[in-house]
């Protein structure tokens, strides 16, 4: 386990070279390795991957748990908050014994208990442009589990500049959504992939969308959306399947229904890019 001051948080010029799996790792990840779509090569990619997760809260908790269990070699956690009693209804990486601790610390110890092969980098700060400037070049994927639009726009801009994929999700009461952004690449038809602003052109006015502390949220919802976000990250790292690029996956928990909305790069942005 490392902290924000560790040299391992510095940027890298390229993805870490793949290392062979140990006999213990082969046994641990056997169910992955049996899948032709993953196999040993895909598991090695997961071991070499470095993923930064914004937030160790409702969405970040299942993301971190499943990526750690999957064998992602390095997980960064950016969060400046502490565990409170009201968090435990949905932030399942924490427990009653960690109330008052920094969420990065609580999550890091939970990950260590789950999988000692995972290296954790703790960034005990709110994700900001400065955080991105200092640390983002050292990661291969960014996952945004924040709960506010300021951080979501900051994450989207930072990932686009760093040219790394962004998995972003959101939840509210009984509804959630997930999408993947790679605006620095083009689609099969040659058109640029959409950006976050093509999906949400402007931030909503302050106070328009109340926080879950005001409206409430069903705890299991964050598990559904967070697990979907972890799945998208695994697909991106291993090159398996079709990520949610240009598609917004919507989940209505009360109706038990999934819907997908397609979105594209706006023409004005396309002409600017060309």
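Laboratory data are not the source of any read-out in this text; all were calculated from the coordinates shown. Bear in mind that the values here come from a model prediction, so they are computed numbers and not experimental data.
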Would you kindly calculate the translational diffusion coefficient of the chain, applying Stokes-Einstein with the Kirkwood radius from alpha carbon pairs, for 10 °C and a viscosity of 1.306 mPa s, and quote it in µm² s⁻¹ without decimals? 83
What is the Cα centroid distance between segment 151-167 and segment 42-114, reported in whole angstrom? 20
Over segment 76-166: Kirkwood hydrodynamic radius from C-alpha pairwise inverse distances, Å: 14.1
Ellipsoid equivalent to segment 13-106 - semi-axes via the Cα gyration tensor, in Å: 30, 15, 10
Over the chain, what is the percentage of antiparallel beta bridges among all DSSP beta bridges, to the nearest 5? 50
Relative frequency of Cα-Cα separations exceeding 26 Å in segment 115-231, percent: 25
What is the antiparallel percent of DSSP beta bridges lying wholly in segment 15-160, to the nearest 5? 5
So between residue 128 and residue 22, what do we pick up on full extension, going 0.36 nm a residue minus the alpha carbon distance? 34.4 nm
For every helix of n ≥ 4 consecutive DSSP H residues, a contribution of -39,500 (n - 2.57) applies; sum these over the chain, divide by its total residues, and give [θ] at 222 nm rounded to the nearest 500 deg cm²/dmol. -10000 deg cm²/dmol
